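Readers should treat all values here as calculations from the given coordinates under stated rules, not as data from a laboratory. For clarity, every value in this text was computed on a predicted model and none was experimentally measured. Cβ placement follows ideal geometry from the backbone for every residue including glycine, while neighbour counts extend to all protein chains displayed.
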Amino acid sequence: MTDIERWQGDARGRSRATAWRELVFTVATAPGPTVAEQTRASLAQISANLLEAGTDRTRLLSATVYLTDIANKAQMDAEWCEWIGDSANWPQRACVQAELAPGTLVEITVVTARPG
C-alpha cells in the first residue's frame, strides 16, 4: 500500500500539498492588493509546492480558480496565461466566484501528475 505524503503549511488543520502515488494536489493563496498580484504570488507558491513534490506545471491535469468577484477574471487570466505557457501543457480548468477569507481575492487549487 502506498502512503499518502503531506506537506504542512501555515494554516492549521490542512496541508498545502498532498500526494498519493503519481497524483499531487496543492492549493495557494497569497497577500496583495490586487487580483493580478495575488494570482502571480499564488502561482509562484504552487510552482514551489509542485517542485517539492517532484513535479511541475507542465504536468497539470486540473485546476480550479476561485475569485471573490468573477468580474476580475481577465486580470487573473492574464497572470495565468503568462504562467501556464505552451498550450501542450494546459490543464482542464474551472473558474468560479466564491466567498473567500477576508483579504483573499483569489485561491487556486491544482491536481498534477508526477513522472511515473
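Just a few scattered comments:
- Separation of the Ala113 and Arg14 label points, Cα + 7 Å toward Cβ, nm: 2.7
- Lys, Arg +1 and Asp, Glu -1 on Cβ, resulting dipole of the stretch 5-113 about Cα centre, debye, nearest 20: 300
- Stretch gain in nm, segment Glu5-Asp86, where the contour uses 0.36 nm per residue and the Cα spacing is subtracted: 26.2 nm
- Both radii are taken from the alpha-carbon atoms of the stretch 5-113; with Rh as the Kirkwood radius, Rg/Rh is 0.94.
- Under-5 Å amide H pairs with Gln97, H placed in peptide plane, nonlocal only: Leu67
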